[in-house]
Structure formats: C-alpha cells, structure tokens
Amino acid sequence: MLKKINEKELYKDNWVRFYQDEIEFPDGSKGTYAYAKRKNGVCVVVVSDQGKILLHKEHRYVINDYSWEVQGGGIDQNESVKEAAVRELKEEAGIDVSEELLTNLGAFYPLHSFNTELVTLFMVVVNNEVIRENGIELGEDIKSRHFFSFEEVLQMIDSGKINDAMTANAVQLAIRKFNS
C-alpha cells in the first residue's frame, strides 16, 4: 500500500482541487502521486412511463464536442444527494419531482485512480406531460433533449454515440431496474 508522506495543494477553485503528494511505495522507494479532489455529484436517469430515456446533448469543453448525457451535476454545500438530484432535474430538464420519486441506483467513483468524486445515480419515472419545453436554466450549453427507447440507448452506447461513462453506467442500471 502507498503511504502519504506530504500533501501539496497545487490549485483550487469552486469545482476542483489538485494535489501532488509525496509518497512511499511498499519497497521503501519514494515518488509522487497527482490527483484531484472534486465535490461529489449526482446523475439522474429520467424514464418515461412508456419506457424511454431522456438524454440531452451538451457541449463539453475538454473534448470540444457534444455528448449525449443524463441529467446531473455537483452537490452543493449543505445539500443532500436527493436535493441535488431534484435541483439538477429542474435545471437541465425542467422537471419538478419530489425526492420520494427518486430510485437510488447506487454510487460510483467515475475515476478513482485520479479523483475523489463519488457520484450517486438515481432513476425517476415520469409521465411525458411532466416534461417542460423551456425548463433549461440559462447558461447550460444544452443543444437538444430527446427521449430514446431502451434499445436505441444501448445501440448508442455500443456505437460510441454515448461516450460519457457515468451516462452509460446509469442508463444500463436504470434499464435493468425498470425491467425488474
């Protein structure tokens, strides 16, 4: 097991902190380990009562491309995971739901070798009439929203059209839960 000798913060902002630790390996040799500490997050899979999944196409700066994704984001300070999920649904899809309608699908570390973020996944089943046409919060770089059948979503994962790991994980868990 690696042993931390010293922790050095390299950078911080409201979203992330970067560190480079001095470490000792099991054989006694020394080295460094770089990683990020991010606030935890939520992802919410919206499933229509007809068994279709709502995805939105959002521009992602780091890859300079659009990505089909489920709704999600960071958990604000003093906010529960369910409160964050409800807020993200409102911001990104214009959907108002109560916390009681959320089904927990589990929590996962998207990249635990590099960052500390833990993302809790939820599913919510809604009637199509619940979706509001103009509910997207200003500032979100969302190009479009669309309901896809389970089969279409799985094909999008297989073909690489869905390339966001949390979305791929969340929708497959939601499909399994919805069908059980």
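At a glance:
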{"item": "The chain: relative contact order in percent, alpha carbon pairs under 8 Å with at least 6 residues between", "result": "23 percent"}
{"item": "The stretch 67-117, Rg to Rh (Cα coordinates; Rh as Kirkwood inverse mean 1/r)", "result": "0.98"}
{"item": "Cβ crowding within 10 Å averaged over residues, with 62-71, 24-33, 41-50 ranked highest first", "result": "41-50, 62-71, 24-33"}
{"item": "Alpha carbon centroid spacing (whole Å) that separates the stretch 1-67 from the stretch 73-128", "result": "17 Å"}
{"item": "Structure-based [θ]222 nm, the chain - -39500 (n - 2.57) summed over DSSP H runs of at least 4, per residue, nearest 500", "result": "-6500 deg cm²/dmol"}
{"item": "24 Å Cα-Cα threshold exceeded, pairs from 39/82; 52/82; 82/143; 4/37", "result": "82/143"}
{"item": "Residue 14 paired with residue 36, simple spin-label distance in nm, labels 7 Å along Cα-to-beta-carbon", "result": "1.7 nm"}
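Each reported figure results from applying straightforward, stated rules to the coordinates on display, with no laboratory input. Everything quoted here is computed from the prediction, not taken from an experiment. So basically every Cβ, Gly included, is an ideal-geometry build from the backbone, and we count neighbours across all protein chains shown.
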